[in-house]
Amino acid sequence: MAVAAELRKSGAEVSFLGTRERMEAELVPAAGYEIDFLRVRGIDRRNPLRAARAGVEAIGAVGAARSVLRRRRADVVLGGGGFVAGPAGLAATLTRTPLVLTEADSHLGLANRMLAGRARRVCLAFPIEGRDGDRYLVTGRPVPDAVLAADRGAARARFGIGVDERTVLVVGGSQGAKSVNFAAVEAFGERRGRDFRVIHLAGTRDYAELRERLAAAPYIDGYELIEYEPNLGDVLAAGDLVLGRSGGSIFEFTAAGRPAVLVPYPYATADHQRANAKWMEAAGAATIVEDDALRPGGAARRGRRDPGRPGAPGEDVRCRP
C-alpha cells in the first residue's frame, strides 16, 4: 500500500491482485484502488492432501492472473511474497511483463525464492547472505506516510492521553497475536500496579473475547482496546513503547522512533521473526521476550521490579517507557 501510494503520486495507475478471503478485499477498495481476485490459498506443508489442492488452485490462478495482466495492460508487476504473488509473478514471466519483488523479512519466502531468478529487481528489507549483485537491492521496508506524518499531540488528544502520561502500545496484529493479546489483558487489565496508559490494537480474531474479558477486569482505567486501525500512524505517535510481534511492522516502529518489547512468533517460516527481533535488539531498539514466557501470570511477574535497584538479567522487560 505504501508503494502504491507513491506510484499514484507520480501519475501511475495502480491496481491489485488478491483473494476475497483476506484483508486486502476490504483495505484495497477502501484506499481507492481497484482489485482483481484470484482463487488461491497458502500451501499447508503439514498436510499433503491440502498442499496438493493448493497446488492445483495455484496452477489455475496463474491463468487467471495472466488474463488480468493482459486486460489491465500492465507495464510492471510488483510482488510482495505470499501465495497470491506466486501465480501473479509466474503470469508476469509468461506475458513478459517486468517483475519486481519485495521481501519484508530477513529471508526470502517460498514465492520470492521461486521467482527471484526471473525478476528484474528484488528489493530487500535486510541484507541477505548470498543475495547480492545488481538484481538485489537493500531498500528497507516501505513505511506508509501516515506513520511518518502522524502528529503526537493530535494522536494523544484523540485517545485522551495527557502530555506527560506514559503509554504502552500493544500490537496484536491485523488478525491477532493470541498470546500477546491475552498476556496484555492479564498483565495490564487484571492485575493492580499499572501506572501507565495502554492502547491495545487487538485485531479482529480476538477482539470480541478480549472485550468481554476487559469488561469484567478490575483495572481498566486508562486501557483503550481497539479492534482495527487502517494504519499505525496515530497509535504509534500516541505511544512511548510497543509490545508486539516482530514481523514487517518493526520498520514502522523504528520509523516512528519507538522502542519495543518484541515477542517473535515461534512458528514463523525459517524463524524469521526471531532474526527480525535480533536485528532490532542489536541496535539497542528492542528487548526480546519468548512467546512461551507469556503464560498466565508471566507478563505480570516479569513486570514486577523494585524501582530502586537495577534490573537483574531476565527482568528488563517491564512494559513501561
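Given a 1.4 Å probe and the protein chains as shown, residue 93 ends up with an accessible area of around 50 Å². Where the alpha-carbon atoms of the range 89-173 are placed on the principal axes, they occupy 55, 29, 23 Å, in descending order.
Considered as an equivalent ellipsoid built on the Cα gyration tensor, the chain has semi-axes of 38, 21, 20 Å, the largest given first.
Based on every Cα atom in the range 6-153, Rg and the maximum pairwise Cα distance Dmax equal 16.1, 53 Å.
Protein-only accessible surface at a 1.4 angstrom probe places the residues 9, 278 in the order 9, 278, largest first.
Residues whose amide H falls under 5 Å from that of residue 241, counting only those 5 or more places apart or on a different chain, are 167, 169, with hydrogens built in the peptide plane. Among 280, 114, the sequence by solvent-accessible area, most first, with a 1.4 Å probe is 114, 280. Take every DSSP beta bridge whose two residues both sit in the range 200-295; close to 0 percent of them are antiparallel. Spread over its residues, the convex hull of the C-alpha atoms of the range 145-276 is 103 Å³ per residue.
Over all directions, the projected convex hull of the C-alpha atoms in the range 26-99 averages 5.3 nm² in area. Applying 1/(1 + (r/R0)^6) with r as the Cβ-Cβ distance of residue 139 and residue 164 and R0 = 41 angstrom yields a FRET efficiency of 0.65. Legend: residues 56, 122, sorted from most to least accessible area (1.4 Å probe; ligands, DNA and RNA excluded), read 56, 122. A full extension of the chain between residue 26 and residue 148 corresponds to an added length of 41.6 nm, given 0.36 nm per residue minus the alpha carbon distance.
The values are calculated or read from the model by the stated rules, or taken from the named source; none is laboratory data. Everything quoted here is computed from the prediction, not taken from an experiment. Reconstructed Cβ throughout: ideal geometry from the backbone, glycine too, with neighbour counts over all protein chains shown. The protein model used for the area step is the full one, side chains on, heavy atoms only, and it has no ligands, DNA or RNA in it. Shrake-Rupley method; radii C 1.70, N 1.55, O 1.52, S 1.80 Å.
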